[in-house]
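Report on one structure; see the data block that follows.
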């Protein structure tokens, strides 16, 4: 029986079939999210609270040269922060699917193995698009404006969602490795907290101690937030978005799926108990 399952899941799926499988798994994950009212409520309230609390909590103490309203400086950073926090739920969901045997059920089906992971990430991308829209609406209500035109605004939203895809793949890996929902949730928060609060997401790098500036300047979150600010505020936008896209390319689903596929199959194509 194990050999049959290994042969079935090991077959390469046609591109159209893989896309259909991914769409099905994506719809399943979105329905699962919609059926948990508390999770929906928290996903809606948290990004709005982040925008309001950071704006009025520390906005009066932060003065950025050339920026009239702190919300214009803050919001691109909060995009990344809120998406990073939300991505921890990806690891939780994968760990739960592993613990309940749902991944084993997927492995027994004649579907593309990568579609299980790609569908999870695609569902997260839809959720992140909703979260970014909420933050833009909340920010606009308290003074945020895009200053570089509609094309740059659309590019900023796209780049934010791309950053979320990268966070999702990272948390997928954590969920598969840790295999415990609570541990996966906590593990997913550590890199977000460390990288975000040592970057230019909330305050200019120049206000940090010299030893921390050295790290902040090469922090990938600083580069990503700088790209988003260039698109939101205008000014020189050639270098920052290109660097941001390069970091966001870590979320390309074709690359990570090749790394995670053996984990879903149980190693070198054989079914391994306990996955």
Inset, instruction - Please state which one of 94, 116, 126, 121 is within 11 Å of the chain's Cα centre (by Cα), at pLDDT 85 or above and buried (at least 23 other Cβ atoms within 10 Å of the Cβ). - result: 121
Inset, instruction - Return a yes/no flag: does the stretch 146-153 have any residue that is surrounded by 14 or more Cβ atoms within 10 Å (Cβ to Cβ), touching a residue at least 24 places away in the same chain (Cβ under 8 Å) and more than 30 Å from residue 229 (Cβ to Cβ). - result: no
Inset, instruction - Determine, yes or no, whether residue 181 is in contact (Cβ under 8 Å) with a residue 12 or more places away in the chain and within 20 Å of residue 46 (Cβ to Cβ). - result: yes
Inset, instruction - Would you confirm whether any residue within the stretch 47-62 is touching a residue at least 60 places away in the same chain (Cβ under 8 Å) and closer than 30 Å to residue 176 by Cβ? - result: yes
Legend entry - Unmet requirement for residue 74, which otherwise passes all of (1) touching a residue at least 40 places away in the same chain (Cβ under 8 Å); (2) over 29 Å from residue 32 (Cα atoms); (3) surrounded by fewer than 24 Cβ atoms within 10 Å (Cβ to Cβ): (3)
Inset, instruction - Quickly run through the stretch 216-236 and pick out the residues that are surrounded by 13 or more Cβ atoms within 10 Å (Cβ to Cβ) and more than 22 Å from the chain's Cα centre (by Cα). - result: 233, 234
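The values are calculated or read from the model by the stated rules, or taken from the named source; none is laboratory data. All values reported here derive from a predicted model rather than from experimental measurement. Cβ coordinates were reconstructed from backbone atoms using ideal geometry, including for glycine residues, and neighbour counts include every protein chain displayed.
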